[in-house]
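Participant: Have a look at the structure that comes next, please.
The values are calculated or read from the model by the stated rules, or taken from the named source; none is laboratory data. The structure displayed is predicted, hence computed values, not measured ones. Please note: Cβ atoms are built from the backbone with ideal geometry, for glycine as well, and neighbour counts cover all protein chains shown. What goes into the accessible areas is simple: the full protein's heavy atoms, side chains included, and nothing from ligands, DNA or RNA. Shrake-Rupley method; radii C 1.70, N 1.55, O 1.52, S 1.80 Å.
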Amino acid sequence: MKFLASIVILGSIVAFSCAQTTDTPTDNHFKINGTDGVVCLVADMGVRFSINYLNTDDKNMTALIDLPSVNQTAGGVTGMCENDTNSLTIDFLKTWQLRLFFGKDSGSFALENVTLVYDTSDPIFEKPKNMGVHNTTGTNLGLLKGTIGNSFLCKKNVDAMLDTATMTFTYVQVQAFSTEKTDTFADADDCDTETSEIVPIVVGCALGALVLIVLIAYLIGRKRAKRGYQSV
């Protein structure tokens, strides 16, 4: 019975470990139109903000909030299509705003600068010391880097470090400096973190399954050997 329990536990561990790779889709789809019908910037993304602040007791606190679903057709989403800069500005929660700036260099694009405007009078902040509207920025980020003409895709968390906050892309596909007249993504450049994390997980699952098979074979062999001794 003890050996059987070990098999069940080990099998559960292997199954749990192999179930850790899940996609995080999002309802947010943004596009920025340029001149002559060109859609220069397209983005699908889920975003979580972790904002650091002081409460009235001078304790360090962190507020967590997800970017809500934003209906672009109802307004609140703007941007720019310039030669060296593509930008996306999203207004949400009445006084909040997210601004993303993409630059290009040597045939590739990347997220370079981010500004988040937030309001500590929102209920997610518990007894904030400085109540009101604030902003925090991140510069020279070099994130979400893709080849111009392709899109960048990442199904794993990507962190952008701002002055007083962390912005985490829980899922992102983006294409900047596009010359197409459609908001359909081109072929995707997958992020490096996805490959580097999946490989060890797959190897770990395979090793776990191998150990489980060896253990079962050992127990079956031992049981047969016992029967042989008893018959003699």
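Participant: Would you call S106 more than 19 Å from T168 (Cα to Cα), touching a Gly at 6+ places or on another chain (Cβ under 8 Å) and without any contact (Cβ under 8 Å) to a residue 60 or more places away in the chain?
Facilitator: No, not satisfied.
Participant: Moving on to the next point. Scan T179, T139 and give me the residue that is of a type in the set (S, T, Y) and without any contact (Cβ under 8 Å) to a residue 40 or more places away in the chain.
Facilitator: Every option except T139 fails the conditions.
Participant: Could you say whether any residue in region 43-62 is polar (S, T, N, Q), open to solvent by 80 Å² or more (accessible area, probe 1.4 Å) and in contact with an Asp or Glu (Cβ under 7 Å, 6 or more places away or on another chain)?
Facilitator: Taking every residue of region 43-62 in turn, none turns out to be polar (S, T, N, Q), open to solvent by 80 Å² or more (accessible area, probe 1.4 Å) and in contact with an Asp or Glu (Cβ under 7 Å, 6 or more places away or on another chain).
Participant: While we're on this one: Can you name every residue in region 133-154 that is of a type in the set (V, I, T) and either open to solvent by less than 60 Å² (accessible area, probe 1.4 Å) or more than 21 Å from I65 (Cβ to Cβ) (or both)?
Facilitator: If the condition is that a residue be of a type in the set (V, I, T) and either open to solvent by less than 60 Å² (accessible area, probe 1.4 Å) or more than 21 Å from I65 (Cβ to Cβ) (or both), then T136, T137, T139, T147, I148 are the ones that fit.
Participant: Filter region 17-34 for residues that are open to solvent by 80 Å² or more (accessible area, probe 1.4 Å) and modelled with pLDDT of 90 or more and give the result.
Facilitator: Listed by number, the list holds a single entry, N33.
Participant: On to the next question. Step by step: first the residues of region 74-83, then only those that are in a strand (DSSP E or B) and open to solvent by 70 Å² or more (accessible area, probe 1.4 Å), then the one that is nearest to Q175 (Cα to Cα). Which residue is that?
Facilitator: M80
Participant: A further question on this structure: Quick one: which residue in N113, N71, N86, N130 is within 21 Å of A160 (Cβ to Cβ), open to solvent by 10 Å² or more (accessible area, probe 1.4 Å) and out of contact with any Gly (no Cβ under 6 Å at 6 or more places or on another chain)?
Facilitator: One residue alone meets the criteria, N113.
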